[in-house]
1. Going out from 0 in 5 Å bins, what whole percent of all Cα-Cα distances in region 167-207 drops into each bin?
2. Between region 166-180 and region 67-109, what's the alpha-carbon centroid distance in Å?
3. Near L333, within a Cβ-to-Cβ distance under 11 Å, what is the net charge of the other residues, with Lys and Arg +1 and Asp and Glu -1?
4. In whole Hz, what ³J(HN,Hα) sequence does region 282-287 give by Karplus (6.51, -1.76, 1.60; θ = phi - 60°), x for Gly and Pro?
5. Show which aspartates and glutamates lie in cross-link reach of K217 when reach means a straight Cα distance below 19 angstrom and same-chain residues fewer than eight apart are skipped.
6. Enumerate the calculated ³J(HN,Hα) couplings along region 69-84 in order (Karplus 6.51 cos²θ - 1.76 cosθ + 1.60, θ = phi - 60°), each rounded to whole Hz, writing x wherever the residue is Gly or Pro.
7. So for the pair D269, E301, with labels modelled 7 Å out along Cα→Cβ, what separation do we get in nm?
8. Given N residues in region 194-326, what is its alpha carbon radius of gyration divided by 2.2 N^0.38 Å?
Amino acid sequence: MLVVQEEISWQISEALRLKLTGAQKKTLRKGPTAKSEAYQEYLRGRHHWHNWNAEGFGRAIEHFERALTHDPGYALAYAGLGNAFGAMSYYGYMSPGDGFSRARAAALRALELDDTLADAYVTLGLERLLHGWDWHAAEAALLRALQIDPDLALAHGIYSIFLFTSSRHEEALKAARRARALDPLSPFINMCVPWAHHFAGRYEDSLRESLDVLALKPGLEEAGNIAIMAYERLGRFEEAADLTTRQPCWGFPIDGFAVKEAHRARGADGYWGERLAQMERITNYPAAGHFSFGLVLCALEQYDRSIDHLERLVDARAGGSVFIGADNALAPLRGRPRYEALLRRIGGPQPQMA
């Protein structure tokens, strides 16, 4: 089947008399793998990766590694490993130092095998942004991916993340919508649009879009998290609490009924205070959890404690560090010396909150 696909591609290009460069002809003639078992395992890995949860990432890694046992030179499988390790690292399912290092190593190995593999450049771009804090290298890698494959949805999606962390909000939304048009069924790709709206301060839009993603993929925590934040920013606290009865909020299990009662009794301060009390009962959480504490404490106007947690987030070099300057929920921290020092540590373009 793989040989037939390759031959059909070649014959079509010849029949249409496409003007291909030498490198493009070489790429067209070079199939990704000659081992059908490796190809099947790769497809299974991609399927699980798109489920966008801890179990899915773990199973994706298993299938990508099996693909490599069948074909140790399978560049796409290494690229898939890079994507999975990067996602595991960001969400705290692996330590940032370990997971992002593995993501980078897998992407570099993929490029050793095939330096025209756009997917591997995407992983490099994401790792350089979220862990390396090398903004120039991150954008260069992502633009290289888009140059190689202008129709790669993942490249447009990750580039949109780079753009909204740089306060290039209209460009970010354009890239996110392009990604979704190219892959309308991927939960991750669909999330790029509500993320772009969220960081631009368009909360009605981010709410609508995140609820649409939940309709597409019920139970997707990332979509629920953004919807919860939109409800909060819009002052619709009881609707936010309702969502926390159905899912964790940024990794923390929350008793939404207790939060709703606290809101009815004491208003917004009651809502945030009950959220904080429940989170503080959990002592074992990944570094990514410090972002959640920073948000809640900032809402309670406990600014020094908020910055304490953000410092721990940055010290751990957690992926969420690059968002602390862009999220409007942290706007009250602007101008505070310790907070500004954190932004300088992360480097890159100084984001402007919407």
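All of the numbers you see were taken from the coordinates with simple rules; none came from a lab. Computed from a predicted model, the values in this text were never measured in an experiment. No Cβ is skipped: glycine too gets one built from the backbone with ideal geometry, and neighbour counts run over all protein chains shown.
1. 5, 31, 30, 23, 10, 1
2. 26 Å
3. Values: positive: R334, R336, R338; negative: E301, D304, D327, E340.
Overall, the nearby charge balance is -1.
4. The phi angles translate into 9, 9, 10, 9, x, 4 Hz.
5. Counting by Cα, and skipping residues close in sequence, K217 has these aspartates and glutamates nearby: E55, D183, D205, E209, D242.
6. 5, 7, 8, x, x, 7, 5, 4, 5, 5, 5, x, 4, x, 4, 5
7. Placing both labels 7 Å beyond Cα along the Cβ direction yields 0.8 nm.
8. Compared with the compact-globule rule of thumb, region 194-326 sits at 1.00.
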